[in-house]
1. Could you look through the range 25-73, keep only residues that are in contact with a Ser or Thr (Cβ under 7 Å, 6 or more places away or on another chain), among the aliphatic types (A, V, I, L, M) and part of a loop (DSSP other than H, G, I, E, B), and pick out the one that is surrounded by the most Cβ atoms within 10 Å (Cβ to Cβ)?
2. Is there any pair with a first residue in the range 398-422 that is touching a residue at least 24 places away in the same chain (Cβ under 8 Å) and at positive phi and a second that is in a strand (DSSP E or B) and not acidic (D, E) whose Cβ atoms are under 6 Å apart and which are 6 or more apart or on different chains, and what are they?
3. Within the range 163-184, is there a residue that is touching a residue at least 60 places away in the same chain (Cβ under 8 Å), under 23 Å from T113 (Cα atoms), in contact with a helix residue (DSSP H, G or I) (Cβ under 9 Å, 6 or more places away or on another chain) and of a type outside the set (S, T, Y)?
4. Identify all residues within the range 262-281 that are more than 18 Å from S215 (Cα to Cα) and part of a strand (DSSP E or B); write none if there are none.
5. I'd like to verify a number: residues in the range 369-422 that are of a type in the set (D, E) and exposed (fewer than 11 other Cβ atoms within 10 Å of the Cβ), how many?
6. Quick check on this structure: which one of V281, V297, V277 is at pLDDT 80 or above and more than 22 Å from R179 (Cα to Cα)?
7. Please tell me if T203 is under 18 Å from Y247 (Cα atoms), surrounded by fewer than 24 Cβ atoms within 10 Å (Cβ to Cβ) and of a type in the set (V, I, T).
8. Can you tell which of S151, S106 is closer than 20 Å to N58 by Cα and either more than 15 Å from the chain's Cα centre (by Cα) or not basic (K, R) (or both)?
Amino acid sequence: MKKLVTILVVILTLASFQKLVAQDVINLGVNDSIASTVKSYTGTSTELIIVIPNGYTNPEFTAAKSIVLDTLTLHKFVQKVTIKGDGSNPKLLVKQFVLPQRALNSFTAQGLTISGVDEATSTSPYSLTGYMFNCSSAAINVTNLNIIGCSVADYRGVVRLQTSGLTVTNLKFDNCVVRNIGYAASSYNIVNAAAGTILNNITLTNSTFYSINGSFLNISAIYSTVTAVTIDKCTFDDIMINTTAKYLLDLTASNTTTPVSITNSIFARAGASNKGVRGGVITSTNNYATTDWVASVTANMFTTTPYTGTYAALFKSPTTYDTTNQLTTIGNYAIADGAFPAGVGDPKGGTLTALTAPRVSSDIRFNGSEISVPEARTINVFNVTGLLLKSATNANRLSVSDLPSGIYIVKAGNAIQKIAIR
């Protein structure tokens, strides 16, 4: 009998634990408030996923309010929060995300078109006072702050860290397009941090950044807290415009320890007299810069093979914002045919092949005969001319063993990847 009771106790304990660690997914209606939905959540899961539908009109933005996920709104059990699109890259107008003043394992924005203004109706391309994350009055403590598979636009700054004691351990942009940040004479940018705040690791991968005013990563005030900066497979253009003597990344000249890795990236236009990286220990490989990337000090160009043309020769329609043709663009750009000599930098020659799709996502796996993704979604396989060859709906796997040898494009939800069948 005692043994039976013990077994029942163990079973009940495991059942309770399973309930506690599970995730809850909430699918919003087109008019549902994010903050109100989170506040009314009464579950005990540690991870909460909010799914935004196509055609969403969030009440917070239309009522001129931020999306508040503070300590009073977010249930004490919740350690991970993800706000993600339904696969259609729905629009989410955000004045500001307000995070709780307590420890949070992660906050993730994923698969969304996020903007500080409504571009269809606004007379200004920027929110002159808005920040996607404006941590100016609350000492938040977030281990992982992730922006993944998003288009982010029209803010004074993206991440502003202003409160002493505030901690962000890992900040990551992956598979994103970030544009229209800051405005003329603005000092705000992608990341701006004040003394007393803590930011450890910064990772920018598979992303395009353009039309950025001011500096880019201004972390000179907290350089001693930064343990690593990683930039890989990114494209930069029209950076530090309307300003002079700024740095793409400023860790201060006295910093001789922070590792800065810059690889597989393209650097195009920058404002006159601006520079590359100040401080840190730079490792750079397979990077390219146009002649109008004016990081005038050679050591700050972090390029092994500088490109001899301008941005206009390198990119097709570089000022056109393209949200529909992801198969042939780098963010909003496409590499011009013949821009690089074959075998030196031409995407068709091989050296920059990885850069022809900065929206590459590690979500997509390919073992030589089968494509797999971590969660069910629509999987499409195209040839290099854009012809759809195979498709699967609401699937985790798709066999391509019947396709002939060649290069193909896989699109799964918002993720995109090139594969080679041999």
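The values are calculated or read from the model by the stated rules, or taken from the named source; none is laboratory data. Just so we're clear, the structure is a prediction, and the values are computed from it rather than from any experiment. Virtual Cβ from ideal backbone geometry, glycine too; neighbours counted across all protein chains shown.
1. Here the residue is L28.
2. G413/R377
3. No: zero hits.
4. Those that are more than 18 Å from S215 (Cα to Cα) and part of a strand (DSSP E or B): T263, V281.
5. So the answer is 2.
6. Only one candidate qualifies: V281.
7. Judged against the criteria, T203 is a match.
8. The conditions single out S151.
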